[in-house]
């Protein structure tokens, strides 16, 4: 098979935590994350994402450049990832959700995962009415992950207001508090995002206000999400966001245009692949990073880069 062979790679992380109940594969353990950083130092050239974007515009991207990014804004990015990045002198960019979800209540995918994990081993019926249609599942231990994916797909295109009653039905069915925010799953408050952005290694950019699947939502809603998130970052950090990442990787030509119109200089997607000189700055590819060893990451980087 032909190697992709690009100039640079952007890595996409979410949480840096030990969490055995991680249904979406969003966690990388602190030990493995440190091994990843050591591998980056060994086989690549760690680079600020803003520098990579500027290099694309000027034609000066260094071969082997690798950028570390985080989506969402979990507090472990500040408490666990940041000290490790400082130890290795590796820059990183955080794309933060700027609304209250994740702070006043957990992100919807975490609430879904928690509900399905509750009562593990029991067989029970679950009924949700989505779009006027009642959906019923017989939830058994072997099927919970598959059912979770089905429900995730049903909830994904909804607005926050449409999704919230269904999450409360799920919480009641599971016997969990719909408003509890587990310390391990909370998002950073604005003052913590300010701390995250301190120093020369770290940038905080935007990931919308409410994390909608943008291309599945009406254009006016997309525009509001993009403009308000950019402004929130400006209020907190003094400069409006220059970059953003597409929630759930959902983007089409209209969404791309709205990102430009909102004033962003670049945007990251979630399509796998290397960055090349001809890469679209508003559709930058990234490599989704799951929990794995440093050697596994090193092999993957060599494949993508060389």
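The values are calculated or read from the model by the stated rules, or taken from the named source; none is laboratory data. Worth saying up front: this structure is predicted, and the values here are computed from it rather than measured. Cβ coordinates were reconstructed from backbone atoms using ideal geometry, including for glycine residues, and neighbour counts include every protein chain displayed.
The set of residues in the stretch 18-45 that are within 26 Å of residue 200 (Cβ to Cβ) and assigned to a loop (DSSP other than H, G, I, E, B) contains only 44. Considered as a group, the residues in the stretch 46-64 that are outside any helix (DSSP H, G or I) and at pLDDT 95 or above include one that is surrounded by the most Cβ atoms within 10 Å (Cβ to Cβ), and that residue is 47.
Does residue 30 count as closer than 20 Å to residue 75 by Cα and either modelled with pLDDT under 95 or outside the structural domain of residue 279 (by TED's automatic domain parsing) (or both)?
Against the criterion (closer than 20 Å to residue 75 by Cα and either modelled with pLDDT under 95 or outside the structural domain of residue 279 (by TED's automatic domain parsing) (or both)), residue 30 does not qualify.
Scanning the stretch 194-237 for residues that are in contact with a helix residue (DSSP H, G or I) (Cβ under 7 Å, 6 or more places away or on another chain) and in a loop (DSSP other than H, G, I, E, B) turns up 197, 201, 207, 208, 209, 210, 211, 212, 213.
Total residues in the stretch 94-126 satisfying the condition of being part of a strand (DSSP E or B), surrounded by fewer than 14 Cβ atoms within 10 Å (Cβ to Cβ) and touching a residue at least 24 places away in the same chain (Cβ under 8 Å): the figure is 1. Filtering 242, 224 for residues that are in the same structural domain as residue 99 (by TED's automatic domain parsing) and farther than 14 Å from residue 97 by Cα leaves a single hit, 242.
Exactly one residue out of 241, 271 is part of a loop (DSSP other than H, G, I, E, B), without any contact (Cβ under 8 Å) to a residue 40 or more places away in the chain, closer than 30 Å to residue 29 by Cα and touching a strand residue (DSSP E or B) at 6+ places or on another chain (Cβ under 7 Å), and it is 241. Out of all the residues in the stretch 171-179, is one or more surrounded by fewer than 17 Cβ atoms within 10 Å (Cβ to Cβ) and under 16 Å from residue 94 (Cα atoms)? No, that holds for no residue.
Taking residue 25, is it in the same structural domain as residue 229 (by TED's automatic domain parsing), at pLDDT below 95 and on the phi > 0 side of the Ramachandran plot? Taking the combined requirement at face value, the residue satisfies it.
Checked against (1) touching a helix residue (DSSP H, G or I) at 6+ places or on another chain (Cβ under 8 Å); (2) over 27 Å from residue 282 (Cβ atoms); (3) at pLDDT 95 or above; (4) not in a helix (DSSP H, G or I), residue 135 passes all but a single condition, namely (3). Of all residues in the stretch 253-268, those that are touching a strand residue (DSSP E or B) at 6+ places or on another chain (Cβ under 7 Å), surrounded by 20 or more Cβ atoms within 10 Å (Cβ to Cβ) and in a loop (DSSP other than H, G, I, E, B) total 1. From the list 84, 94, 40, the one residue that fits, being farther than 26 Å from residue 224 by Cβ, at pLDDT 95 or above, touching a helix residue (DSSP H, G or I) at 6+ places or on another chain (Cβ under 7 Å) and not assigned by TED's automatic domain parsing to the domain that holds residue 168, is 84.
Can you confirm whether residue 91 is in contact (Cβ under 8 Å) with a residue 24 or more places away in the chain, under 24 Å from residue 198 (Cα atoms), within 19 Å of the chain's Cα centre (by Cα) and surrounded by fewer than 18 Cβ atoms within 10 Å (Cβ to Cβ)? When the stated conditions are applied, residue 91 does not pass them.
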